[in-house]
Each structure stands twice: as C-alpha cells, then as structure tokens.
Amino acid sequence: MGLLRRLFKGAADSKDREISSYNSDISTCARRTACVLALDISGSMKDNDNIGRLNIGLREFKAQVAASDVREQLDVAVIAYPN
C-alpha cells in the first residue's frame, strides 16, 4: 500500500462510516410536503365579501387537512399580504 493511501486510509474509513450513518438517518425520516398559502388581505378584498369567502376557504382547508392522513406530512406556512 502506498504511503499516501496508508496515511489517508483511516480518514476515508471514518468519512465513509459518517456518510453511511447520515444516510440511514435520512431514510428513517418521514417525507414532508411544504404548503405555502399566500393570502391577499388588501382593501379590495372587502368587496363582495371576498374576505369572508377567504375565511370560509381557510376553515375548509384546515378541516380537510385535519381529517386526513396528510396532516402528519404537511408543513403549512401562511403569508398574508395587504398589497
């Protein structure tokens, strides 16, 4: 075995074990899905009760997610912008 190979053999073996351990940790993690809701809450949303309908939709979304198995895998972020 060459000198360089002998010098770095221990480091390579250690690195391989570290990567293998990391990969096994990843394989046991549950898959997650990101869901971002961008909500317009500007003044124009007051017209025709659009804010009211938005609130109804949000409540329905929450109920549907809560009632399904997807709730364990879904990360939800809400961004409200006033325009």
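Of all residues in segment 71-81, one or more are in a helix (DSSP H, G or I) and modelled with pLDDT of 55 or more. Quick check on segment 35-83: of everything there that is without any contact (Cβ under 8 Å) to a residue 40 or more places away in the chain and of a type in the set (S, T, N, Q), which residue is surrounded by the fewest Cβ atoms within 10 Å (Cβ to Cβ)? My answer is N48. Taken over segment 14-47, the criterion of being at pLDDT below 90, part of a loop (DSSP other than H, G, I, E, B) and hydroxyl-bearing (S, T, Y) is satisfied by T28 alone.
The values are calculated or read from the model by the stated rules, or taken from the named source; none is laboratory data. Only a predicted model underlies this, so the values are computations on that prediction, with no experimental measurement involved. Cβ: placed from backbone, ideal geometry, glycine included. Neighbour counts: every protein chain shown.
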